[in-house]
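Working notes, structure below.
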Amino acid sequence: MVYPRRPLSNAGAERWRMTGHVTYTPEVPSLPQHFKLHCIYFSNRFNVTMLPSAAVFHFPWEVNSGNMQEGESVRTFGRLVCYQPEESRATLSAQHASKEHHVVVHTLFVEPFNPIIGAQYIVLGEIENNMGVGVMVQARVLNCVDGVNIALLQKAISEQRSFFTERECKRCETAQPADAT
């Protein structure tokens with residue numbers, strides 16, 4: 001936030017608001033006037049990237065299934081099996097039903113990081129389709145979580161999904177009687 005050195009008059013605050021630089025927030029009367037001026041950056045003036053939406057955990061075998069839309073936020077996990085720093089690309093691997101599943105991760109936004117081949121990682125990012133690779137996760141967060149019990153993590157993900165499904169069903173049930181009247 002940018003605060004002016006001296007409080008602006010209401011006319012000054014109005015002039016700044018009209019130019020799109022500052023907004024006045026009168027809903028907080030206990031704060032002094034100069035603390036009520038907040039700088040707002042509009043996306044048409046600056047290239048502002050927002051944080052991705054809250055990501056749902058997906059198993060590595062679901063990421064490559066093709067059911068996910070490009071740009072969708074995803075959180076997944078796997079063991080780091082390959083890291084190519086010149087291409088900013090890492091490959092995570094996980095086993096499911098006696099099959100090895102690989103997730104390719106674009107690591108440009110999380111570099112530099114110290115890759116530990118064979119360690120478990122959790123990645124948060126967005127899905128993107130790459131011509132040569134296919135589905136790739138554009139990493140925003142890449143954490144080493146070596147030592148995590150993967151079976152317990154998978155169970156927790158399944159429990160979380162069943163909770164969210166149950167909660168949505170309850171919302172639908174409470175909304176239906178209101179629609180009927």
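The values are calculated or read from the model by the stated rules, or taken from the named source; none is laboratory data. These numbers come from a predicted model, not from an experiment. Don't worry about glycine lacking a Cβ; one is built from the backbone with ideal geometry, like all the others, and counts go over all protein chains shown.
Quick check, is A119 under 22 Å from A156 (Cα atoms) and free of Cβ contacts under 8 Å to residues at least 40 places away in the same chain?
no
Residue-wise test of (1) over 15 Å from G78 (Cβ atoms); (2) at pLDDT 90 or above; (3) outside the structural domain of G78 (by TED's automatic domain parsing); (4) basic (K, R).
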residue: T107; (1), (2), (3), (4): no, yes, no, no
residue: N114; (1), (2), (3), (4): yes, no, no, no
residue: M136; (1), (2), (3), (4): no, yes, no, no
residue: Q160; (1), (2), (3), (4): yes, no, yes, no
residue: C169; (1), (2), (3), (4): yes, no, yes, no
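Restricting attention to the stretch 77-103, which residues are crowded, with 20+ Cβ neighbours inside 10 Å and under 17 Å from N129 (Cβ atoms)?
V103
One line per residue, one yes/no per condition, for (1) over 25 Å from S162 (Cα atoms); (2) assigned to a loop (DSSP other than H, G, I, E, B):
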residue: S65; (1), (2): no, yes
residue: M68; (1), (2): no, yes
residue: C82; (1), (2): yes, no
residue: Q95; (1), (2): no, no
residue: P115; (1), (2): yes, yes
residue: G118; (1), (2): yes, yes
residue: Q138; (1), (2): yes, no
residue: D146; (1), (2): yes, yes
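Go through G125, G118, G134, G147 for me and flag whichever is small (G, A, S) and surrounded by 13 or more Cβ atoms within 10 Å (Cβ to Cβ).
Residue meeting the stated conditions: G125.
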